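Report on the following structure.
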Amino acid sequence: MEEDTKPKSVPVLPWMRSPVDIDHFDECPLGLLPCLDPRLEDALKKIGVHSLFPVQAAVWQETIGPGAFERDICVNSPTGSGKTLAYALPIVQLLSTRKVRCLRALVVLPTRDLALQVKQVFASIAPSVGLSVGLAVGQSSIADEISELIKRPKYDMGVSLDPEDLHVELQSAVDILVATPGRLMDHITTTKGFTLEHLCYLVVDETDRMLREAYQSWLPTVLQLTCLNDQAIFNQARSGLNLFNSLTTLRRSGVERGFKGKTYPRLVKMILSATLTQDPSKLSQLALHHPLLLTSGDSRYKLPEKLKSYKLICESKLKPLYLVALLQHLSGEKCLVFTSSVESTHRLSVLLNFFGELPFKFSEYSGLQRQSVRSKTLSGFRDGEIDVLVSSDAMTRGMDVEGVRNVINYDMPPYIKTYIHRAGRTARAGQSGCCFTLLRKNEVKRFKKMLQKANNNSCGVYPLAAESIENLRPLYSSALAKLKEVVQSETRRKVNTGFNRRKASKRKKDTNTMQE
Ligand SMILES: Nc1ncnc2c1ncn2[C@@H]1O[C@H](COP(=O)(O)OP(=O)(O)OP(=O)(O)O)[C@@H](O)[C@H]1O
């Protein structure tokens, strides 16, 4: 469930009431950025970054600049404003002087595709200063992942002994890890040599989504593991572990400099979203240290500046017709179509197939599909082999695909947060883009109220030529009839599969009973 999004003029949490306004920052050319490592400047230029966006300049000031990371950083800034580099760059710069390799920065994201995307951003700058970036998302087998993340000691003369027998400390092969919560927990609980003991930076991207689900209690586990205090170290020493031969980060509980019993050196946290939660009970899970909010303007929710919103009003049963007419009209432009569920994504894709030759290539993308299928579809969309992606909300958050010009809400988003994240797949990085929403008459009022929460009062009706819809009617009728057949046969197949599975499980049970 999305949290209640009733507008609250004053946030409950006092520290949220006096934020740093990102809108007061200008783009900052790299040459003017104080303290930027020249190797990073070169790496940034190679990927086409010649200046920092306002949110990046603001975060730089609070981390590398005078702010010096004294406080945990909470960023609420629009989709496509460049939040990834806003945290990646300061972390890489701060770790660029490290002497020994161990896991010092952890970035946690809700989905595998998002984690892959963020890893690529780190990988484009971190190697320039000798840092290594790892990925823990379950894309490869756990064994492969472990061999990427943990450095195995090499022995002379090819003799391979169990490192435990030699009391050799296994070491991290990465300085920065980008992970999804599930795989992170797998490594925490089972991977030998995987430790968060030296962690200095924790980034929770898409924070409101991450705090909405417990994801196997990854957050309390990480916080607990990074709060190793004197007592734990003392216990470790008593239990015979030699602290002085191994690399150990000593964290102490302290009251100095306002740390109020928090461990020091503390784990520095950065949380980010385009729709950052203001819910104290959710934020309290992060145990933030003297948090500082960076946000854009006065409004809690903000849409990208160059985004234009339109609505198309039609009867429910005519929605596919309007969609095809609109897609034909936008033909040649990269479009993302959002539906309300994985089932309706599938049905709509099947229906579009029955429209015959359409002047655009489309594909389905949803949580119903296997990850490998989704990844292939996504790269086809990125490469321009696919023009239109029909998607469930699997694609809503964070995904950055260059050249998406239009987002179409085939089903009205239920919350303003959903609208913001869906619409935010276009009009990124200062580019322009359009978001169209198909509405039934009885949805119009609710939709208008919803957009007002993001200060949007100018969502006009999109003028779609009536004849473009009329011309499609015969095709639509035959496509609908074919869809009906497919749906019936898929339902029969599901019932049969369920029946066979039940039969098989009964047979297995019977066999087991006979064997007993
Ligand atoms: N300083 C920069 N110069 C040029 N392009 C940039 C810069 N910073 C980021 N970009 C580009 O802007 C796009 C959006 O960046 P990013 O994905 O970090 O946005 P975001 O704020 O995290 O969005 P969302 O809230 O949707 O996750 C990316 O394509 C990125 O490569």
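The values are calculated or read from the model by the stated rules, or taken from the named source; none is laboratory data. Since this is a predicted model, take the numbers as computed values, not measurements. All Cβ positions, even for glycine, are placed from backbone atoms using ideal geometry, and neighbour counts span all protein chains on display. All accessible areas refer to the heavy atoms of the entire protein, side chains included, with ligands and DNA or RNA removed. Shrake-Rupley method; radii C 1.70, N 1.55, O 1.52, S 1.80 Å.
A few notes on this one:
- Filtered residues of the stretch 48-78 (kept if touching a residue at least 60 places away in the same chain (Cβ under 8 Å), of a type in the set (Gly, Ala, Ser) and open to solvent by 10 Å² or more (accessible area, probe 1.4 Å)): Gly67
- When the stretch 179-197 is limited to residues that are open to solvent by 50 Å² or more (accessible area, probe 1.4 Å) and of a type outside the set (Lys, Arg), the one that is nearest to the chain's Cα centre (by Cα) turns out to be Asp186.
- Filter pass, Phe122 being modelled with pLDDT under 95 and either touching a strand residue (DSSP E or B) at 6+ places or on another chain (Cβ under 9 Å) or closer than 26 Å to Thr180 by Cβ (or both): no
- If you go through the stretch 44-78 and pick out every residue that is assigned to a loop (DSSP other than H, G, I, E, B), more than 10 Å from the ligand (Cβ to nearest atom) and more than 19 Å from Gly31 (Cβ to Cβ), you end up with 7.
- Of the residues examined, Leu378 is not one that is within 16 Å of the ligand (Cβ to nearest atom), in contact with a helix residue (DSSP H, G or I) (Cβ under 6 Å, 6 or more places away or on another chain), open to solvent by less than 40 Å² (accessible area, probe 1.4 Å) and in contact (Cβ under 8 Å) with a residue 60 or more places away in the chain.
- Residue within the stretch 380-399 that is at positive phi and modelled with pLDDT of 90 or more present: yes
- Residues satisfying the stated conditions in the stretch 110-119, i.e. closer than 16 Å to Ser140 by Cβ and open to solvent by less than 20 Å² (accessible area, probe 1.4 Å): Asp113, Ala115
- Against the numbered list (1) closer than 25 Å to Arg473 by Cβ; (2) touching a residue at least 60 places away in the same chain (Cβ under 8 Å), Phe362 comes up short only at (2).
- Selection of the stretch 62-97 for residues being over 19 Å from Ile47 (Cα atoms) and among the aromatic types (Phe, Trp, Tyr) yields only Phe69.
- Test: Ala465 is open to solvent by 10 Å² or more (accessible area, probe 1.4 Å), within 16 Å of the ligand (Cβ to nearest atom) and more than 27 Å from Arg370 (Cα to Cα): no
- Among the residues making up the stretch 281-292, those that are touching a residue at least 40 places away in the same chain (Cβ under 8 Å) and within 18 Å of Arg209 (Cβ to Cβ) are Lys282, Leu283, Gln285, Leu286, Leu288.
- When residues of the stretch 426-458 are limited to those that are at pLDDT below 95 and touching a helix residue (DSSP H, G or I) at 6+ places or on another chain (Cβ under 8 Å), the one farthest from the ligand (Cβ to nearest atom): Asn457
- In the stretch 293-306, residue surrounded by the most Cβ atoms within 10 Å (Cβ to Cβ) [restricted to those that are assigned to a strand (DSSP E or B) and touching a helix residue (DSSP H, G or I) at 6+ places or on another chain (Cβ under 6 Å)]: Leu294
- Identity of the residue in the stretch 120-136, within 13 Å of the ligand (Cβ to nearest atom) and buried (at least 24 other Cβ atoms within 10 Å of the Cβ), that ends up farthest from the chain's Cα centre (by Cα): Ile125
- Yes/no for Thr511 being more than 16 Å from the ligand (Cβ to nearest atom) and either of a type in the set (Phe, Trp, Tyr) or modelled with pLDDT of 95 or more (or both): no
- Cβ-Cβ distances below 8 Å connect the following pairs, each with a first residue in the stretch 172-188 that is assigned to a helix (DSSP H, G or I), a second residue that is of a type in the set (D, E, K, R), and a separation of six or more residues or different chains: Arg183/Glu145; His187/Glu145.
- Residues in the stretch 97-109 that are more than 11 Å from the ligand (Cβ to nearest atom), over 14 Å from Val174 (Cβ atoms) and either touching a Cys at 6+ places or on another chain (Cβ under 6 Å) or touching a residue at least 60 places away in the same chain (Cβ under 8 Å) (or both): Val108 only.
- Residues considered: Ser81, Ser18. Of these, the only one that is more than 11 Å from the ligand (Cβ to nearest atom), in a loop (DSSP other than H, G, I, E, B), open to solvent by 10 Å² or more (accessible area, probe 1.4 Å) and not β-branched (Val, Ile, Thr) is Ser18.
- Residues of the stretch 449-495 classified as within 36 Å of the chain's Cα centre (by Cα), assigned to a helix (DSSP H, G or I) and farther than 23 Å from Lys317 by Cβ, total: 7
- Of all residues in the stretch 349-375, those that are assigned to a helix (DSSP H, G or I), within 14 Å of Ala394 (Cβ to Cβ) and open to solvent by 50 Å² or more (accessible area, probe 1.4 Å) total 1.
- Long-range neighbours under 8 Å by Cβ, at least six apart or interchain, first residue more than 13 Å from Leu327 (Cα to Cα) within the stretch 348-359, second among the charged types (D, E, K, R) and assigned to a helix (DSSP H, G or I): Phe354/Lys482
- Of the residues making up the stretch 33-43, those that are part of a helix (DSSP H, G or I) and within 13 Å of the ligand (Cβ to nearest atom) number 3.
- Subset of the stretch 84-96 [part of a helix (DSSP H, G or I) and more than 13 Å from the ligand (Cβ to nearest atom)]: Pro90, Ile91, Val92, Gln93, Leu94, Leu95
- The set of residues in the stretch 384-433 that are open to solvent by 10 Å² or more (accessible area, probe 1.4 Å) and basic (Lys, Arg) comprises Arg397, Arg405, Arg428.
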